[in-house]
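Contents: one structure, followed by commentary.
Nothing in this text is a laboratory measurement; each read-out follows from the coordinates by a stated rule. What you see is a predicted model; the values in this text were computed from it and never measured. We place every Cβ from the backbone using ideal geometry, glycine too, and count neighbours over all the protein chains shown.
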């Protein structure tokens, strides 16, 4: 059976949400029903804009299963701790267990918004919660990938700008491993450095027409505020790590409502780790 696709901006859905809002404060279980209804749009927005599942392989953990993955004993795996830091595993082990961490947001809303069915405000709250969770997931993914890249795979370039020579050298490291580049990850402002390069006519035309280019060689260019201004990451067309999902996005009303406002806990439980740092490259840009 095909999964039904819901348009979260349709008039029908918005009317349903408005009805749930007006009933939320006066109906038993009303806040719980509204919490369940806002979960899907938040998750949809996160999935639409996040880049973590492009860089790490998403794995939905079966109930009770640990996030344990095979690694090469001569390769050092990296994972994200409960504090959001990238941690290195000792060499010589043939598997790594990724800690599962909770990433959350706790949006609140004035009760008058619910009583009057102000759907626009609820949509703003959904967007804010989605942005907060997505940003933190992507920040942690970029952090663990960056930390995992070995020194031998790191190219340094001086002058404060990304150069075509440095990018080509980083790409060649991946190509020497008989792989090709899948993603080139950088900050949006760092992309400005490409404008002065001697690009081929087709790429130049695309740059003039759109302001950005989607690809460089075989790699798609991913622009994200989660990346460091001083680094560019190059990820190959082979799995480099896991995005283990124990609990997909959940919502619930806060236990203790305040006098004039209420809200929800919005969270997901995931583990992030790099199992093949030896096939990722990085460019470090120095002044």
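Could you work out the mean projected area of the convex hull around the alpha carbons of region 95-211, in square nanometres to one decimal?
Projected area, direction-averaged: 12.8 nm².
Let's test this: bin the Cα-Cα distances of the chain at 10 Å from zero up to the farthest pair and state each bin's percent.
6, 25, 27, 22, 15, 6, 0
Write down the Kirkwood hydrodynamic radius of region 151-239, to one decimal in angstroms, obtained as one divided by the mean of 1/r over all alpha carbon pairs.
One over the average 1/r among Cα pairs gives 13.6 Å for region 151-239.
Could you list 216, 78, 8 so that the one with the fewest beta carbons within 10 Å of its beta carbon is first and the one with the most is last?
8, 216, 78
By DSSP, what percent of the beta bridges with both residues in the chain are antiparallel, rounded to the nearest 5?
Looking only at bridges with both residues in the chain, the antiparallel portion is about 75 percent.
With a bin width of 10 angstrom, please list the P(r) values of region 1-103 as percents of all Cα-Cα pairs, from the 0 bin to the one holding the largest distance.
11, 27, 26, 20, 11, 4, 0
Taking the Cα centre of each part, how many Å lie between region 220-256 and region 15-86?
Rounded to whole Å, the Cα centres lie 11 Å apart.
Return 214, 63 ranked ascending by Cβ neighbour count within 10 Å, so the fewest neighbours appear first.
Ascending Cβ contact count within 10 Å gives the list 63, 214.
Suppose the chain between residue 70 and residue 230 were pulled fully straight at 0.36 nm per residue; how much longer would it get relative to their current alpha carbon spacing?
Fully extending the segment from residue 70 to residue 230 adds 54.4 nm.
Relative contact order for the chain: what percent, with Cα pairs under 8 Å and sequence separation of 6 or more?
29 percent.
For Cα pairs less than 8 Å apart in space and 6+ apart in sequence, what is the mean separation divided by the residue count of region 151-239, i.e. the relative contact order in percent?
Computed value for region 151-239: 39 percent relative contact order.
Which of 232, 240 comes first, and how do the rest follow, when ranked by fewest Cβ neighbours within 10 Å?
Ascending number of Cβ neighbours within 10 Å: 240, 232.
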